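Trainee: One structure, as structure tokens, below. Some questions next.
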Amino acid sequence: MALPDPHRPDARGLPMVHPPDPQRLAAERAWLADVATRPWLQRKLAFLRRGGPGYLQSALTLGGGTASACILSGAAFRYELLWVMPLGMLLGGIVFAAIAHQTLSTGMRPFTAMRTHAGPFIAWGWAIGTVLASMVWHFAQYSLASAVLVDLGAVAGLELPRFPMGLLVLAWAIPTALSFGSGGGMQRLFDRLMRWMVWTIVVLFGVVAVRTGMRDPGAIAAGFVPTLPADRGGVQSLPIAISGLATAVGVNMTFLYPYTLLARGWGREHREYARSDIAFGMVVPYVLVTTLMVIVAAATLYDGFSGSSISPVEAAKSLGGLLGPVLGRVLFDLGLLGMLLTTITLHMVCTGLACAEMFDLRIGSRGYRLATLLPAPGVLGSLFWTKMSVYLAVPTSIVAGALLPLAYYGFLVLQRSERYLGADRPRGVRGALWLLGLVIAVVVPVLFLVSYLGSLLSA
């Protein structure tokens with residue numbers, strides 16, 4: 001199979017946007033040149049106001065898997081696993097900063113770079129892992145999305161069936177995924193919506209947390225100290241911790257992100273902007289949302305938790321209803337539904353993109369469209385996954401999360417490759433610290449997975 005020209009990001013077309021508008025890209029570069037002359041704080045504030053593809057990663061990761069992990073964590077162990085999701089995202093932020101540096105420094109298509117400089121095994125494992133993770137996590141998205149629609153119906157006095165609601169979501173997701181990112185003004189509008197939606201979710205959970213779950217700040221602070229609490233009600237903390245780490249950054253996110261950079265026409269001059277966007281658009285919102293979600297779940301579900309399954313509908317009622325008898329619950333449900341719909345769409349885009357890279361499919365071709373539909377069976381989650389049981393949500397995340405260290409290791413190899421990065425390979429103290437962070441990002445999930453497998457074997 002002939003490799004595409006690595007120096008032409010649009011060689012076979014990229015999803016998400018039309019080829020970048022030269023005038024708009026030139027204006028953005030002029031803005032970056034102006035921002036580069038400002039003091040550090042002013043530069044960061046400018047990047048924060050403008051936003052970027054980091055919010056797209058927040059929209060992808062803030063879905064059913066994250067909600068399940070947070071609700072189960074707070075319900076079963078109160079604040080004791082508060083440290084898990086922030087740790088997973090902080091490690092992910094280090095890797096994403098490396099991904100941005102590599103992609104923007106070289107302009108190579110990431111799958112080509114991975115296959116050429118890290119090896120075919122890692123490249124294909126990364127791409128296949130992206131497809132598998134998107135398909136596996138898809139079930140949780142439909143389960144929670146259908147539950148939210150049922151809850152919205154209940155607010156309106158309607159008794160809606162779960163599976164038809166899942167089919168309704170599927171009917172929306174297919175055309176949206178196939179036409180996603182048509183470019184131009186619609187893409188810019190979508191970016192703004194993602195930015196405001198993410199921060200709206202932060203505010204909503206913040207209001208609920210302040211009203212219900214912030215009464216014990218000492219216990220909350222202690223929850224950020226890494227510990228594994230004793231089992232409760234037959235529920236083990238180790239697999240829930242692994243689930244939380246796995247849902248912070250999915251392997252499919254590592255595949256989608258660098259292609260969004262190339263599709264936008266970003267280059268070397270965007271590197272500082274990209275790092276700031278990762279922090280403001282992905283790391284900070286995710287840490288805030290998941291922390292607040294765990295706090296709220298702990299305040300509302302912990303006392304009544306007995307180790308049995310938690311219904312997503314009951315969780316939505318408990319969390320959303322606290323903002324008001326009707327309006328707060330509706331706002332919470334709509335915000336969560338927006339995240340779920342976006343996550344479902346991006347899962348489908350991820351599978352289409354990964355298959356396009358693996359099998360040299362042209363974006364928009366019949367093969368690409370069929371690959372985009374691979375996660376569609378996840379709609380069965382609204383039929384069979386009617387409970388957010390730890391015996392379903394946690395193994396799902398563990399299976400998908402087991403694929404992440406391979407991708408992280410691939411980017412670690414690329415970060416050290418002189419042949420790939422040349423003069424842009426980080427050196428000195430900065431390079432050593434970056435390398436240390438990448439090594440930790442690879443080792444931590446591996447250690448947790450090995451510990452979990454050891455516990456299974458000893459049992």
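Trainee: Any chance you could run the full-extension gain for Arg369 through Leu435? It's 0.36 nm times the residue separation minus the Cα-Cα distance, nm to one decimal. Before the final figure, lay out the partial values.
Mentor: On the way: separation 66, 0.36 × 66 = 23.76 nm, distance 3.82 nm.
Roughly 19.9 nm would be gained on extension.
Trainee: Right, here's the next one. Could you tally the net charge around Gly410, taking each other residue with its Cβ under 13 Å from the Cβ of Gly410, Lys/Arg +1 and Asp/Glu -1?
Mentor: Counting the neighbours of Gly410, the net charge comes to +2.
Trainee: What FRET efficiency, computed as 1/(1 + (r/R0)^6) with R0 = 51 Å and r the Cβ-Cβ distance, is obtained for Glu418 and Glu159, rounded to the nearest 0.05?
Mentor: With a Förster radius of 51 Å, E is 0.20.
Trainee: At a Förster distance of 45 Å, what's the computed FRET efficiency of Thr200 paired with Phe359, Cβ-Cβ distance as r, to 0.05?
Mentor: 0.70
Trainee: How much length is gained if the chain between Phe384 and Tyr302 is pulled fully straight, taking 0.36 nm per residue apart and subtracting their Cα-Cα distance, in nm to one decimal? Walk me through the numbers on the way to the answer.
Mentor: Numbers: separation 82, 0.36 × 82 = 29.52 nm, distance 2.53 nm.
Extra length from Phe384 to Tyr302 when fully extended: 27.0 nm.
Trainee: Would you calculate the separation in nanometres between label points at Leu25 and Leu228, each defined as 7 Å from the Cα along the Cα-to-beta-carbon direction?
Mentor: The answer from the label model is 4.9 nm.
Trainee: I've got another one for you. How big, in percent, is the set of alpha carbon pairs in the stretch 50-458 lying more than 35 Å apart?
Mentor: 23 percent
Trainee: Using the per-residue mean of other Cβ atoms lying within 10 Å as a proxy for protection, in what order, highest first, do the peptides 49-58, 369-378 fall?
Mentor: 49-58, 369-378
Trainee: May I ask you to compute the full-extension gain from Val443 to Leu168, defined as 0.36 nm times their residue separation minus their alpha-carbon distance, rounded to one decimal in nm?
Mentor: 94.9 nm
Trainee: Between the alpha-carbon centers of the stretch 57-119 and the stretch 244-294, tell me the distance in whole angstrom.
Mentor: 7 Å
Coordinate-derived values only; no laboratory data. Note that the coordinates shown come from a computational prediction; the quantities given were computed from them, not determined experimentally. Cβ: placed from backbone, ideal geometry, glycine included. Neighbour counts: every protein chain shown.
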